[in-house]
Amino acid sequence: MGALVALQMNAVLLLDHCKAPDCFFQFGPACDANKIPPGLNTSDIARNKLGQVEYGGPGVYSCINPGDVALTYDDGPASYTNDLLDLLKKYSATATFMITGNNNAKGEIDNATIMTDLVSNDRRMYTDGHQIASHTWSHADLCQITSAQRKNEMYKLEMALRNILGVIPTYMRSASSPLQCGCEDDMKDLGYSVIYFDLDTADYLHDSQSEIQMSKDIVDQSINAKPALSDNFLVIGHDIHQQTVYNLTEYMLQKFQGRKLVTIGECVGDPKENWYRSDARTTLI
């Protein structure tokens with residue numbers, strides 16, 4: 001009986017390691033991180049410097065304009081994202097979505113045959129005036145893989161977003177922070193500004209009705225430490241978590257009333273024309 005239980009536990013562990021971000025993509029095609037979006041690879045597109053915000057380097061931790069609040073959401077799109085977009089629209093707020101391409105077994109975001117809702121969510125983010133940024137293809141820890149593998153993580157998400165929107169982003173956030181492993185040089189080569197945060201809601205630790213108050217307390221403590229309406233915040237949350245979408249976000253929108261809710265580009269004073277590069281070589285899905 002013990003041997004059977006051990007086999008079952010090993011099977012569960014193996015299944016967990018066949019989906020990003022925990023799969024061992026180096027060992028074969030079963031890992032969903034190895035899926036490749038259709039169309040031409042983006043590795044050969046022009047990556048001229050756009051605007052004044054630094055590419056690579058130490059990264060951005062805060063906004064530059066008094067009174068600005070940049071809400072950012074990692075890991076989506078997810079099943080809750082459309083409701084989050086409704087909520088942001090209700091408050092006339094803009095945000096930035098750090099998109100992953102294929103993690104947590106959600107499937108490839110540009111596969112319209114199985115992921116129609118994710119495709120429509122990405123397009124709605126874009127058309128509603130929110131900013132879309134890269135959070136890599138499979139949420140890989142960029143400091144634990146090679147330079148070539150890092151770039152492939154970026155290229156594959158670029159291909160997927162190109163297939164959905166016709167553009168690729170110039171802003172990114174890594175799953176590992178901060179990037180002090182040579183990755184910052186790769187991001188410079190690829191033309192990405194690296195975004196961090198100065199208010200971590202820790203929502204990923206408190207995704208239950210009984211615990212989300214802890215994230216609200218973190219928000220309150222941050223506001224109390226910088227109480228003036230001229231103070232600014234760069235906030236990280238995750239739209240894959242139910243309590244973030246249906247509880248924490250509206251709490252933050254109410255607490256930040258009187259300040260201006262902005263995208264990352266606005267947060268750093270970068271005009272919208274610098275947020276994306278064009279790559280129209282693939283017909284939009």
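Just to be sure I understand: with springs between alpha-carbon atoms less than 10 Å apart, which residue in Ala133, Ala202, Ala78 has the highest mean-square fluctuation in the Gaussian network model of the chain?
Answer for the Gaussian network model of the chain: Ala202.
Pull up all non-local amide H partners of Gly56: gap of 5 or more, or a different chain, and H-to-H distance under 5 Å with H placed in the peptide plane.
HN-HN under 5 Å from Gly56: Lys188, Tyr192, Ser193, Val194.
Under a plain spin-label model, where a point goes 7 Å from the Cα along Cα-to-Cβ, how far apart in nm are Ser120 and Ser79?
1.6 nm
Using only helices, what value at 222 nm comes out for the chain when you add -39,500 (n - 2.57) per DSSP H run of length 4 or more and divide by the total residues, to the nearest 500 deg cm²/dmol?
Value at 222 nm, helices only, nearest 500: -9500 deg cm²/dmol.
Of Ala202, Ser92, Thr249, which is farthest along the charge dipole of the chain in the positive direction, counting Lys and Arg as +1 and Asp and Glu as -1 at C-beta?
So the residue we want is Ser92.
Pick out which of Asn34, Asn232, Asn65 has the largest mean-square fluctuation in a Gaussian network model of the chain, springs linking Cα atoms closer than 10 Å.
Asn65
If you count the DSSP beta bridges with both ends in the chain, what percent of them are antiparallel, to the nearest 5?
In the chain, DSSP labels about 10 percent of beta bridges as antiparallel.
Projecting each Cα onto the charge dipole of region 76-201 (Lys/Arg +1, Asp/Glu -1 at the beta carbon, about the Cα centre), which of Gln131, Pro77, Asn111 comes out farthest on the positive side?
Of the options given, the answer is Asn111.
Lys255: which lysines have alpha carbons under 23 Å from its alpha carbon, excluding same-chain residues fewer than 8 sequence positions away?
Cα-Cα hits under 23 Å: Lys89, Lys90, Lys216, Lys226.
In the Gaussian network model of the chain, springs joining C-alpha atoms below 10 Å, which of Lys35, Lys216, Lys89 carries the largest mean-square fluctuation?
Lys89
Quick one: length gained pulling Lys89 to Gln149 fully straight, 0.36 nm per residue minus the C-alpha distance?
Between Lys89 and Gln149, full extension yields an extra 17.9 nm.
What size of dipole, in debye to the nearest 20, comes out for the chain about its Cα centre when the only charges are +1 on Lys and Arg C-beta atoms and -1 on Asp and Glu C-beta atoms?
580 debye
Read the figures in this text as sums done on the coordinates, not as results from a lab. These numbers come from a predicted model, not from an experiment. We place every Cβ from the backbone using ideal geometry, glycine too, and count neighbours over all the protein chains shown.
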